[in-house]
Amino acid sequence: MARIQCDFFSETLGISTSMTVILPQQTSSQIGMSSVSGGNKHRTLYLLHGFSDDDTIWSRRTSVERYVAESGIAVVMPNAHTSFYTDMEYGGAYWTFLSEELPALARSFFPLSHAREDNYVAGLSMGGYGAFKWALRRPEMFAAAGSFSGALDIAGLVNNTEKASPIGRAFQLIFCDKDVKGSADDLLALVDQAKLTGAEVPRLYQSCGTEDFLYEGNVLFRDKCVERGLDLSYDEGPGGHTWTYWDDHIQLFLKWLQIEKRN
C-alpha cells in the first residue's frame, strides 16, 4: 500500500487543506503484508475523522492501511476541522466541499472509481454523523456507509451541549441560531424522508458502545431506521468513546462490506 499526504487548494473553502490517501499496491515480497492492486480504477472508502482530529488520525491511531491491503481498496481521509461536515453559518462550506469538490478532486489526482457500487463512506463520532449525512443526502454515490459512535442525534446534541464548551462554541459557528431539528442536517429527519426520494438508500452499518455518551442518540437513530425499513446492521456492546473501540469496529465494518478481491 502507498500512503500519500496530499496538500491542495480548495476552491470551495478558499483555503489550502489536506487529505491523507491510501492507495492499493500489488506486492508479493513485502514482509508481513499481502496486498493486491484492485484494478485500474480503485474502489474507495471515504473515511471521516472526529471533532478533535484531522485527516491523519485514522492512520495514526489504527492499522487501517493494513486492514484494507488484502481487499485492494483505496481510502480517502479528508480534513474537515470542527465543521461537522456542514456548510457553516460562520465558516467554510464543508458540506459542499465534502460532497462535491472532494470526490471530484480525489478522482482527478488518483485512479478512483466513479461507480456507486465501488464507493463507501464511514467515520467515527462527528465523522459518523458526516458519513450517514452524506449517504442519506447523496444515496446515489455509495453502496454502503458506516458510523462508529456517531453523533447521530445532532439536534439533541446541539440543544444539550454547554455553549461555552469547545463543541458548543463550534455549534455556534456552524448553526448559529438555526433550528437543526427537521433540517437537511438532521439525520433523523433524513431517515424519515429517505423512502420518499425514490433513491435507493445505501446499506448502513452502525455501532456504538453502551458506555458511550452518544449511546442514546444512536438508539434513537437505530429505532428510526427500523421504523422506516432501512437496510441497517446494528451492533452494540461494552465500550466507550475510545480508539480501542473504533480500531475494532473499522475491522468489523470492512468484513461486513464483503469486498471481493480483484487481481
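The values are calculated or read from the model by the stated rules, or taken from the named source; none is laboratory data. These numbers were taken from a predicted model, which means no experiment stands behind them. Virtual Cβ from ideal backbone geometry, glycine too; neighbours counted across all protein chains shown.
Okay, here's what the table says:
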{"read-out": "Filter pass, GLY32 being closer than 22 Å to ALA131 by Cβ and modelled with pLDDT under 95", "value": "no"}
{"read-out": "Residue that is surrounded by the most Cβ atoms within 10 Å (Cβ to Cβ) [pool: residues in the stretch 99-118 that are among the small types (Gly, Ala, Ser) and more than 15 Å from ILE22 (Cα to Cα)]", "value": "SER99"}
{"read-out": "Failed item, numbered, when GLY130 is tested on (1) closer than 17 Å to LEU232 by Cβ; (2) touching a helix residue (DSSP H, G or I) at 6+ places or on another chain (Cβ under 8 Å); (3) crowded, with 24+ Cβ neighbours inside 10 Å", "value": "(1)"}
{"read-out": "Checking GLU65 against (1) more than 13 Å from the chain's Cα centre (by Cα); (2) in a loop (DSSP other than H, G, I, E, B), the condition it does not meet", "value": "(2)"}
{"read-out": "Matching entry among ALA170, ALA131, ALA145 (being at pLDDT 95 or above, assigned to a helix (DSSP H, G or I) and farther than 17 Å from GLU89 by Cβ)", "value": "ALA131"}
{"read-out": "Of residues in the stretch 210-253 being out of contact with any helix residue (DSSP H, G or I) (no Cβ under 8 Å at 6 or more places or on another chain) and of a type in the set (Val, Ile, Thr), the one surrounded by the most Cβ atoms within 10 Å (Cβ to Cβ)", "value": "VAL219"}
{"read-out": "Residues being more than 19 Å from GLY146 (Cβ to Cβ) and not small (Gly, Ala, Ser) - total across the stretch 185-244", "value": "12"}
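Rundown of residues vs (1) touching a Gly at 6+ places or on another chain (Cβ under 7 Å); (2) modelled with pLDDT of 95 or more; (3) not aromatic (Phe, Trp, Tyr), yes/no style:
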| position | (1), (2), (3) |
| --- | --- |
| SER10 | no, yes, yes |
| THR20 | no, yes, yes |
| ASN40 | no, no, yes |
| THR62 | no, yes, yes |
| TYR85 | yes, yes, no |
